[in-house]
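Enquirer: I'd like to ask you about the structure that follows.
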Amino acid sequence: MMKKISVLVPCYNEQENVKPMSEAIAKLFETKCSEYDYELLFIDNCSTDNTRQILREICKANHKVKAIFNTRNFGQFNSPYYGLLQTDGDCTVGLCCDFQDPVELIPDMIKEWENGAKIVCGIKKSSKENKIIRFLRNCYYRLIVSLSNVEQIENFTGFGLYDKAFLDELRKIDDPIPFLRGVVAELGFKRVDIPYEQQKRRAGKTHNNFFTLYDAAMLSFTSYTKAGLRVATISGFVLSILSLIGALVYLIMKFMYWDRFEAGMIPVLLAVCVLGSVQLFFIGLIGEYIINMNQRLMKRPLVIEEERINFD
């Protein structure tokens with residue numbers, strides 16, 4: 001019996017890319033992976049362009065192509081994670097719809113999987129994206145790797161192959177805001193990393209901006225590190241000691257030089273501004289942890305489906 005490979009492609013406003021992607025996957029399995037059966041699942045995160053209509057046409061022409069339409073945009077993490085759980089192949093390959101993840105790397109991933117790997121991660125060794133964004137990403141990866149309580153995979157964006165056994169474990173996790181990149185390393189399945197160069201988008205505009213990148217950073221930081229809270233605690237203790245020492249020095253100077261001592265208001269105002277800014281920073285950081293906890297306690301669904309195509 002032929003093994004079945006599932007391919008998951010999350011999309012949002014990718015009207016220029018969904019048809020070329022479906023053609024590229026179909027051609028790959030006709031030529032380089034013909035010994036495998038396959039399914040191609042697009043999960044659409046409530047696109048506002050013509051993506052859904054094009055997907056309906058693709059599904060009508062090729063019954064190996066499936067589609068899930070979400071009722072709204074559920075974010076950059078929930079939708080792909082949910083899509084992985086809806087596949088039924090012996091393994092699932094997840095990649096972006098914009099061709100930044102190379103389709104031609106899939107046969108190499110399947111080969112590693114056949115050799116015993118349960119997870120095959122695509123690792124960005126270089127990229128053609130904006131140099132400033134690339135620099136900030138590298139800084140973030142180094143920070144989270146050094147601070148995380150569990151192993152983190154540097155330069156891993158989610159592009160990879162996942163064995164059915166791993167996906168079965170994902171189905172047991174009851175987490176309304178999952179962070180797949182962290183879970184991959186946390187569960188400890190046998191893993192192989194394959195380096196690649198990330199290409200530019202084939203067409204369309206990127207949907208990442210400062211806020212989406214910030215959400216990603218905060219989700220991983222508050223899910224897998226205690227460093228923020230520890231730094232807040234230690235900093236508060238140190239600043240309290242320094243404030244106490246400063247107050248004692250001020251009091252002694254006041255008593256010793258009662259008539260001549262003039263501290264002035266500028267140093268006091270500077271001290272208040274510094275301490276106030278430090279307090280605001282750590283209140284905000286603690287707030288990020290509380291937001292993370294609150295979202296998990298509410299137990300909201302990962303996504304809500306509006307329509308399924310070709311699942312019958």
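The values are calculated or read from the model by the stated rules, or taken from the named source; none is laboratory data. In this text the structure is predicted, and so the values were computed from the model without any measurement. All Cβ positions, even for glycine, are placed from backbone atoms using ideal geometry, and neighbour counts span all protein chains on display.
Enquirer: Take PHE99 and decide whether it is surrounded by fewer than 23 Cβ atoms within 10 Å (Cβ to Cβ), closer than 25 Å to PHE156 by Cβ and either within 22 Å of the chain's Cα centre (by Cα) or of a type outside the set (Asp, Glu) (or both). If you could, list the steps in order and put the result at the bottom.
Expert: Working: surrounded by fewer than 23 Cβ atoms within 10 Å (Cβ to Cβ): yes; closer than 25 Å to PHE156 by Cβ: yes; either within 22 Å of the chain's Cα centre (by Cα) or of a type outside the set (Asp, Glu) (or both): yes.
Yes.
Enquirer: Let me spell it out: the conditions are (1) at pLDDT 70 or above; (2) over 22 Å from ASP88 (Cα atoms); (3) of a type outside the set (A, V, I, L, M, F, W, C), and LYS172 meets all of them except one. Which number is the exception?
Expert: The failed condition is (2).
Enquirer: Which residue pairs have Cβ atoms closer than 9 Å, lie 6 or more positions apart in sequence or on different chains, and pair a first residue in segment 169-196 that is surrounded by fewer than 17 Cβ atoms within 10 Å (Cβ to Cβ) with a second residue that is at pLDDT 90 or above and basic (Lys, Arg)?
Expert: Pairs found: PHE189/LYS118; LYS190/LYS118.
Enquirer: Would you mind telling me which numbered condition in (1) buried (at least 19 other Cβ atoms within 10 Å of the Cβ); (2) under 14 Å from PRO10 (Cβ atoms); (3) touching a helix residue (DSSP H, G or I) at 6+ places or on another chain (Cβ under 8 Å) ILE106 fails?
Expert: Against the list (1) buried (at least 19 other Cβ atoms within 10 Å of the Cβ); (2) under 14 Å from PRO10 (Cβ atoms); (3) touching a helix residue (DSSP H, G or I) at 6+ places or on another chain (Cβ under 8 Å), ILE106 comes up short only on (2).
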